[in-house]
Amino acid sequence: MKQFLLFFLLAGLLEAGPAKAQPGSPAPARIWDTNRNAWLCYFSDAQVYRRWGLHTEFQYRRTNGLRDPQQYFYRTGVNYAASEQVMLTAGYTYLLSLPYGDYPDPGRTGERRIYEKVEIDQATGRLALAHRYIQDQRWLRPEGQARFDFQHRSRYRLQLKFALTRPKIEPGALYALASDEIFVSYGHNAPSFFNQNRLYGGLGYQCTKALAVEASYLNQVVAHDDNIVYEDNRTVQVSLYFNPDFRPASQR
């Protein structure tokens, strides 16, 4: 219950003013920058040895539909299955962000991260519930700057999937999905506490035990470093999930 209370408290930051005005001066007006994007994504969690596995991920992010490049996102990591419901991951992320929108943010040009992740899965009948916590250690290099700035960021995502055509999510099942993820930044170089929020909704199809495809709509709100410009990114996302099991039968 505490995690849900924290989640809704953080989400409420979206309604708060983005910046505090100095005494005697008017508050800066919030500027909304609306973009229409398309993200093509690949995710994989391969089981390799006993409880150990490998996470690989690539996201090809475009803006103005598919016309212009927005971001290139690469993430890899080592998985450890603490139990059937709990997965622990640690790894590395590289992100290249190109200028986009009416108010490009030079503060997010290049980024490297080390991250730690905890995923907790619960399922009952047609409904599958997943909690995901990510802790990012971020090195960001603004355009024209030689050194990297360091920030901490915490993320929490609640995701629900509901089987539509089968008793549960299994091969041959069409399912609906919805999720919300809140991001908060802190540390000496963090310009604000609220970083972004991602709200998803869509459909998925479980092709085989290892393979699934999803098509979803993402509404992403991102705070710029100036705490005045906020992106309202309306995004179509198509994702491929491939989770093979390479372990011998004796280890499964």
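The values are calculated or read from the model by the stated rules, or taken from the named source; none is laboratory data. Given the structure is predicted, the values throughout are model-derived calculations rather than measurements. Every residue, glycine among them, receives a Cβ derived from its backbone with ideal geometry; neighbour counts consider all protein chains shown. Just so you know, the surface numbers come from the protein's heavy atoms only, side chains and all, with ligands and any DNA or RNA stripped out. Shrake-Rupley method; radii C 1.70, N 1.55, O 1.52, S 1.80 Å.
Taking the stretch 150-188 as the range and being touching a Leu at 6+ places or on another chain (Cβ under 7 Å), in a loop (DSSP other than H, G, I, E, B) and not aliphatic (A, V, I, L, M) as the test, only T165 passes. Screening the stretch 189-212 for residues that are open to solvent by 60 Å² or more (accessible area, probe 1.4 Å) and part of a strand (DSSP E or B) and picking the one that is farthest from D105 (Cα to Cα) gives Y205. Selection of first residues in the stretch 53-81 that are among the acidic types (D, E) and of second residues that are open to solvent by 70 Å² or more (accessible area, probe 1.4 Å), restricted to Cβ pairs under 9 Å at least 6 apart or on distinct chains, gives the following pairs, ordered by first then second residue: E57/Y42; E57/Y74. Every listed requirement among (1) farther than 19 Å from Q220 by Cα; (2) open to solvent by less than 70 Å² (accessible area, probe 1.4 Å); (3) among the aromatic types (F, W, Y) is met by Y156 save one, (1). When residues in the stretch 1-60 are screened for being of a type in the set (K, R) and modelled with pLDDT under 95, 3 of them pass. The set of residues from the stretch 213-227 being open to solvent by less than 30 Å² (accessible area, probe 1.4 Å) and closer than 25 Å to L240 by Cβ comprises E214, S216, L218, Q220, V222. Filtered by the rule that a residue be within 15 Å of the chain's Cα centre (by Cα) and of a type outside the set (A, V, I, L, M, F, W, C), the stretch 215-240 gives S216, Y217, N219, Q220, N233, R234, T235, Q237, S239.
Checking the stated criteria, A146 turns out not to satisfy the condition of being more than 25 Å from R61 (Cβ to Cβ), assigned to a strand (DSSP E or B), hydrophobic (A, V, I, L, M, F, W, C) and open to solvent by 70 Å² or more (accessible area, probe 1.4 Å).
Within the set of pairs 6+ apart or on separate chains, which have a first residue in the stretch 126-150 that is within 14 Å of T93 (Cβ to Cβ) and modelled with pLDDT of 90 or more, a second that is open to solvent by 60 Å² or more (accessible area, probe 1.4 Å) and aliphatic (A, V, I, L, M), and C-beta atoms under 7 Å apart? From residues that are within 14 Å of T93 (Cβ to Cβ) and modelled with pLDDT of 90 or more, the pairs are Q137/I114.
Residue under question is D180, and the condition is that it be farther than 23 Å from I120 by Cβ, buried (at least 17 other Cβ atoms within 10 Å of the Cβ) and among the charged types (D, E, K, R); does it hold? The answer is no for D180.
When each of T76, T109, T89 is tested for being within 15 Å of the chain's Cα centre (by Cα), surrounded by 15 or more Cβ atoms within 10 Å (Cβ to Cβ) and more than 30 Å from T124 (Cβ to Cβ), the lone residue that passes is T76. Applying the set (1) part of a strand (DSSP E or B); (2) without any contact (Cβ under 8 Å) to a residue 12 or more places away in the chain to A123 leaves exactly one unmet item: (2).
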